[in-house]
Amino acid sequence: MVAALAGDELAPDRLIGEFHARIFGFLRRLAGNDADAQDLTQRTFTRVWSSLGSFAGRSSVASWIHGIAHHVYIDWRRAERRGEPQTDEWWRTRPSPGPSPSEEAAAADLAHVLYAAVDRLPSDLRETVHLHYYQELTLQETADALGISASTVKYRLRAALDELQAVLVRRPALHAKADNSLKP
């Protein structure tokens, strides 16, 4: 922002690069479609450039730009005589292209459990898993790095997967015990 105020010609490109996707997503949610959101995003950045001199630094650049985007949306809605926001049913028919928040939380929880389980594997299995899956080495590259045969790598990976699967199968039972212990 300071660079833009100082007249840096590349500053607008950097600012747009940093905030375009976030502002577009925000306006997409409010406007309900991509075409209007794109138009509103362009209007937002036009207003950002015309208002640069009024940025006093009392808030973050992100909150300042989002505030401008919100005002652009309100002005657009008034001018277009848009109705009230859409109903919940309308939103349910327009899922986002990515995973839902609950799916993201479940995936993060599973990843946490899985990484912790890998860390508890015996060192030979853990090292093999780290090299093959985390570092994405081939079976032969993993074998070369560990100084063992490729068949030993396969054996260790199978043993590690069996142990990890056992941990994941027990996981729901562990959560049920924890949930039951919290009940009066």
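The values are calculated or read from the model by the stated rules, or taken from the named source; none is laboratory data. None of these values were measured; they are calculated from a predicted model. Here Cβ is always computed from backbone atoms with ideal geometry, including for glycine, and neighbour counts include all displayed protein chains.
Structural remarks
- Each residue in region 141-153 was checked for being in a helix (DSSP H, G or I) and without any contact (Cβ under 8 Å) to a residue 12 or more places away in the chain, and 6 pass.
- Any hit, region 43-51, residues being under 21 Å from G98 (Cβ atoms) and in contact (Cβ under 8 Å) with a residue 12 or more places away in the chain: no
- Of all the residues in region 159-171, those that are surrounded by 14 or more Cβ atoms within 10 Å (Cβ to Cβ) and either of a type in the set (D, E) or in contact with a Gly (Cβ under 9 Å, 6 or more places away or on another chain) (or both) number 1.
- Which numbered condition H130 fails, given (1) part of a helix (DSSP H, G or I); (2) surrounded by fewer than 14 Cβ atoms within 10 Å (Cβ to Cβ): (2)
- Identity of the residue in region 116-127, under 27 Å from the mean Cα position of the chain (by Cα) and surrounded by 15 or more Cβ atoms within 10 Å (Cβ to Cβ), that ends up nearest to L157 (Cα to Cα): V118
- Filter pass, R156 being modelled with pLDDT under 75, surrounded by 15 or more Cβ atoms within 10 Å (Cβ to Cβ), in contact with a Leu (Cβ under 9 Å, 6 or more places away or on another chain) and in a helix (DSSP H, G or I): no
- In a residue-by-residue description of region 112-125, the property of being under 30 Å from G25 (Cα atoms) and out of contact with any Pro (no Cβ under 8 Å at 6 or more places or on another chain) applies to at least one position.
- Number of residues in region 44-83 that are in a helix (DSSP H, G or I) and acidic (D, E): the value is 1.
- Meets criteria (without any contact (Cβ under 8 Å) to a residue 60 or more places away in the chain, surrounded by fewer than 10 Cβ atoms within 10 Å (Cβ to Cβ) and closer than 16 Å to D36 by Cα) for R78: yes
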